[in-house]
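Student: Before I ask anything, here is the structure I am working with.
The values are calculated or read from the model by the stated rules, or taken from the named source; none is laboratory data. These numbers were taken from a predicted model, which means no experiment stands behind them. With ideal geometry, Cβ positions are generated from the backbone for all residues, glycine too; neighbour counts draw on all protein chains shown. The accessibility values were calculated without ligands, DNA or RNA, using every heavy atom of the protein model including side chains. Shrake-Rupley method; radii C 1.70, N 1.55, O 1.52, S 1.80 Å.
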Amino acid sequence: MVQSIDIQLTTKKKEKPPAKNLQFGVHFTDHMFMLDYHVDKGWHTPRIMPYQPITLDPAAKVFHYGQTIFEGLKAYKTEDGRVLLFRPDKNIERLNRSNERLSIPHLDGELVLAALQQLVAVDQDWIPSEPGTSLYIRPYVIATQPCLGVAPSTEYKFMIIMSPVGAYYAEGVKPVKIFVESEYVRAVRGGVGEAKTAGNYAAGLKAQEEAKEQGYSQVLWLDGVHLKYIEEVGSMNVFFKINGTVVTPALNGSILDGITRNSVLHLLRAWNIPVEERTISIDEIVEAAKNGQLEEAFGTGTAAVISPIGELNYHGEKLIIHEGQTGELSTKLYDTVTGIQNGVLADPFGWMVDTTAASTASK
Ligand SMILES: *Cc1c(COP(=O)(O)O)cnc(C)c1O
């Protein structure tokens, strides 16, 4: 039996931001979910409550040692008013893999799914329905025990907050310029690159900042040992189309196992497009670009879905991909994934979880 979730509704609803030009992660809905953990009690007291600041002891472990993990997924409102989640089971599995790596206690997957569905239901009026918009959902765990000893916390909070987001590309899908990073690294095998944990992102900011100064929107991360093999692009997984074959780095322990990556692999295989998950060196990409065989490159992730790469800068050498324009495969993948998510296209893999019933029940 899943623990039942106590619901305390707000008495003061916030004004919703206009659906036009919504920025990413700036506005938050009226409610949040919270669940507490104490080593003597386990996870307890699941509740939905008005969105509000929380009070933590200044010694809470999350502030000092970064024992924290997060997830990111979206809810969509279809034209006919259905409310859909995209593959939430995958996010819940990954949440617990991240927990495991960060020595955070396992969360009951059924309770997390119920929490997601009920919170989305309570704040369903916040799901924008204009094309390309959605409700971004951020589940996360923080270590709250007030203690400076370096050991796993004995207390945690699991929370879910939600934010309405606009179309990632206001003027259609646009290719980005990427700087190949050969000084800083994101993650190493045996480290925490596979986990969605705060430290990975803090560690990546410096490279991102320096790339920005040179006019690049993100970096292409190379492996932490040889600075030779491609890992990810910014905080997205990366794909290349070389001479008709699509290649992406194999999951090797330092790469985040993206759900968009997994979905793209499913689609490519269903379309009988040759695809390989393997080691890819930056030299191979440079050579393919010079030979005219690098047909497309793109990143994948929940926020942008598909983000085409129009230029790679490696040691000052600029490789222009697909004349700096969005390629046919990138467009087809973007249209297909977003079409399934918005309920416009059929859902052949059973990815979408319809939570309209939970939403209707809470009305
Ligand atoms: C979240 C994330 C991704 C993409 O994962 P999705 O499940 O597709 O959103 C890729 N790389 C990193 C580093 C990430 O944090």
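Student: Hey, among GLU171, GLU210, which residue is at pLDDT below 95 and more than 16 Å from the ligand (Cβ to nearest atom)? Let's see the steps before the verdict.
Tutor: Numbers: GLU210 fails: at pLDDT below 95.
The match here is GLU171.
Student: While we're looking at this one, here's another question. Can you pull out the residues in the stretch 307-329 that are in a strand (DSSP E or B) and buried (at least 17 other Cβ atoms within 10 Å of the Cβ)? Please lay out each step first, then the result.
Tutor: Here is the first cut: in the stretch 307-329, the ones in a strand (DSSP E or B) are 307-314, 317-320.
Scanning the stretch 307-329 gives SER307, PRO308, ILE309, GLY310, GLU311, LEU312, ASN313, TYR314, LEU319.
Student: Further question: If you scan the stretch 8-23, which residues turn out to be surrounded by 10 or more Cβ atoms within 10 Å (Cβ to Cβ) and modelled with pLDDT of 90 or more?
Tutor: Of everything in the stretch 8-23, those that are surrounded by 10 or more Cβ atoms within 10 Å (Cβ to Cβ) and modelled with pLDDT of 90 or more turn out to be GLN8, LEU9, THR10, LYS13, LYS14, LYS16, PRO17.
Student: Let me ask you something else. Quick one: is ASN252 open to solvent by 40 Å² or more (accessible area, probe 1.4 Å), touching an Asp or Glu at 6+ places or on another chain (Cβ under 9 Å) and either within 16 Å of the ligand (Cβ to nearest atom) or farther than 20 Å from ILE320 by Cβ (or both)? Even if it seems obvious, please write down each step before you answer.
Tutor: Numbers: open to solvent by 40 Å² or more (accessible area, probe 1.4 Å): yes; touching an Asp or Glu at 6+ places or on another chain (Cβ under 9 Å): yes; either within 16 Å of the ligand (Cβ to nearest atom) or farther than 20 Å from ILE320 by Cβ (or both): yes.
So ASN252 passes the test.
Student: Within the stretch 215-225, is there a residue that is open to solvent by 30 Å² or more (accessible area, probe 1.4 Å) and either part of a helix (DSSP H, G or I) or outside the structural domain of GLY316 (by TED's automatic domain parsing) (or both)?
Tutor: No, the stretch 215-225 contains no residue that is open to solvent by 30 Å² or more (accessible area, probe 1.4 Å) and either part of a helix (DSSP H, G or I) or outside the structural domain of GLY316 (by TED's automatic domain parsing) (or both).
Student: Taking LEU265 and the conditions (1) within 21 Å of ALA289 (Cβ to Cβ); (2) free of Cβ contacts under 8 Å to residues at least 24 places away in the same chain, which numbered condition does it fall short on, given that it satisfies the others?
Tutor: For LEU265, the failing item is (1).
Student: To continue, here is another question. Could you please let me know if GLY190 is over 23 Å from ASP283 (Cα atoms) and among the small types (Gly, Ala, Ser)?
Tutor: Values: over 23 Å from ASP283 (Cα atoms): yes; among the small types (Gly, Ala, Ser): yes.
It is true that GLY190 is over 23 Å from ASP283 (Cα atoms) and among the small types (Gly, Ala, Ser).
Student: Of (1) modelled with pLDDT under 95; (2) touching a strand residue (DSSP E or B) at 6+ places or on another chain (Cβ under 8 Å), ASN91 satisfies all except one. Which?
Tutor: (1)
Student: Pick from ASN313, ASN272: which is away from the ligand (no atom under 16 Å from the Cβ), on the phi > 0 side of the Ramachandran plot and more than 23 Å from the chain's Cα centre (by Cα)?
Tutor: Details: ASN313 fails: on the phi > 0 side of the Ramachandran plot.
The match here is ASN272.
Student: While we're looking at this one, here's another question. Go through the residues of the stretch 323-342 one by one and say whether even a single one is touching a Ser or Thr at 6+ places or on another chain (Cβ under 9 Å) and over 22 Å from GLY258 (Cβ atoms). Give the steps one after another, and end with the answer.
Tutor: Here is the first cut: in the stretch 323-342, the ones touching a Ser or Thr at 6+ places or on another chain (Cβ under 9 Å) are 330, 333-334, 337, 340-342.
Those still in the list that are over 22 Å from GLY258 (Cβ atoms) too: none.
Taking every residue of the stretch 323-342 in turn, none turns out to be touching a Ser or Thr at 6+ places or on another chain (Cβ under 9 Å) and over 22 Å from GLY258 (Cβ atoms).
Student: Name the residues in the stretch 221-238 that are more than 12 Å from the ligand (Cβ to nearest atom) and closer than 25 Å to ARG97 by Cβ, would you?
Tutor: We begin by selecting, within the stretch 221-238, every residue more than 12 Å from the ligand (Cβ to nearest atom); these are 222-230.
Matches in the stretch 221-238: LEU222, ASP223, GLY224, VAL225, TYR229, ILE230.
Student: I'm trying to understand the selection: among the residues of the stretch 108-139, which are of a type outside the set (A, V, I, L, M, F, W, C), buried (at least 19 other Cβ atoms within 10 Å of the Cβ) and within 27 Å of ASP57 (Cα to Cα)?
Tutor: Within the stretch 108-139, just PRO139 meets the criteria.
Student: State the number of residues belonging to the stretch 73-111 that are within 16 Å of the ligand (Cβ to nearest atom) and either without any contact (Cβ under 8 Å) to a residue 40 or more places away in the chain or more than 19 Å from TYR156 (Cα to Cα) (or both).
Tutor: Here is the first cut: in the stretch 73-111, the ones within 16 Å of the ligand (Cβ to nearest atom) are 73-76, 85-99, 101-102.
Narrowing further to those that are either without any contact (Cβ under 8 Å) to a residue 40 or more places away in the chain or more than 19 Å from TYR156 (Cα to Cα) (or both): 73-76, 85-93, 96.
Final tally of qualifying residues: 14.
Student: Suppose the filter is more than 12 Å from the ligand (Cβ to nearest atom), under 22 Å from ILE273 (Cα atoms), in contact with a strand residue (DSSP E or B) (Cβ under 9 Å, 6 or more places away or on another chain) and open to solvent by 40 Å² or more (accessible area, probe 1.4 Å); does LYS241 pass it?
Tutor: On the way: more than 12 Å from the ligand (Cβ to nearest atom): yes; under 22 Å from ILE273 (Cα atoms): yes; in contact with a strand residue (DSSP E or B) (Cβ under 9 Å, 6 or more places away or on another chain): yes; open to solvent by 40 Å² or more (accessible area, probe 1.4 Å): yes.
Here the answer is yes, as LYS241 does meet what is asked.
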